[in-house]
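Report on one structure; see the data block that follows.
The values are calculated or read from the model by the stated rules, or taken from the named source; none is laboratory data. Just so it is clear, the model here is predicted, and its values are computed rather than measured. Quick reminder, even Gly has a Cβ in these numbers, built from the backbone with ideal geometry, and neighbours come from all protein chains shown.
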Amino acid sequence: MAALTGLPASGMAQASPQAAQKAQTSGNWKQLKSHEKKALAPLAARWGELTETQRSKWLAIAQHFDQLSPAEQQVMQTRMAEWVALNPVQRNQARLHFNTVQSLSKDEKKSRWDEYQNLSEAEKRKLSAGVLTTSKTAAPSPRPSASDRLVQPALRTLPAAALPPRTPIDQKTLLPIPASEQPSSRGNTPPPTSSAREASAS
């Protein structure tokens, strides 16, 4: 995964309009030109699964593939094979890692690389294994506290007279009945029902 951070900046740049247009028609591996197939060979098995954006970026990289030395071409294809083997979470982590590395100055990159080179093989394996595991969220998940550490809230009871009067609820809508539609407290007569209104209308 660490090898993915070394992709050339031109390969990570936005795809050209021609490559984007080509990607829309090149969802099928067979439609690619021979030099594109040669450059993108590690992606052949999963080409149809890639999004249009991903295909257009890979096609943009393929346009510059022939300009690379054979050693650089080998490195590029090795990285493609590593990338296609990653699951979506690992790809996002690689992308974030790449962006982090790109924001570092040359001196910082060199010092971090030197630190990495000074690690033992066991530490390198441990670090590599840690990178490939799923990342933890920023917010910790709630853990139940010990019962002796919980504070019981004080219960206060109020007499019914101290409570505010309840607003009547419309049984059909379960919304409070506005004060203008509430029955007057003097007569305490409920509003006529629809059947009563129909009977009085006839």
_Residues of the range 33-78 satisfying the condition of being farther than 17 Å from residue 95 by Cα and exposed (fewer than 12 other Cβ atoms within 10 Å of the Cβ)_ = 34, 45, 48, 49, 66, 67, 69, 70, 71, 74
*asked:* Pairs please, first residue from the range 78-97 and within 16 Å of residue 51 (Cα to Cα) and in contact (Cβ under 8 Å) with a residue 12 or more places away in the chain, second anywhere and of a type in the set (Val, Ile, Thr) and surrounded by 18 or more Cβ atoms within 10 Å (Cβ to Cβ), Cβ atoms under 9 Å, 6+ apart in sequence or on different chains.
replied: 80/61
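One line per residue, one yes/no per condition, for (1) under 30 Å from residue 89 (Cβ atoms); (2) touching a Lys or Arg at 6+ places or on another chain (Cβ under 7 Å); (3) modelled with pLDDT of 60 or more; (4) surrounded by 11 or more Cβ atoms within 10 Å (Cβ to Cβ):
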residue: 114; (1), (2), (3), (4): yes, no, yes, no
residue: 119; (1), (2), (3), (4): yes, no, yes, yes
residue: 125; (1), (2), (3), (4): yes, no, yes, yes
residue: 131; (1), (2), (3), (4): yes, no, no, yes
residue: 135; (1), (2), (3), (4): yes, no, no, yes
residue: 143; (1), (2), (3), (4): yes, no, yes, no
residue: 151; (1), (2), (3), (4): no, no, yes, no
residue: 154; (1), (2), (3), (4): no, no, yes, no
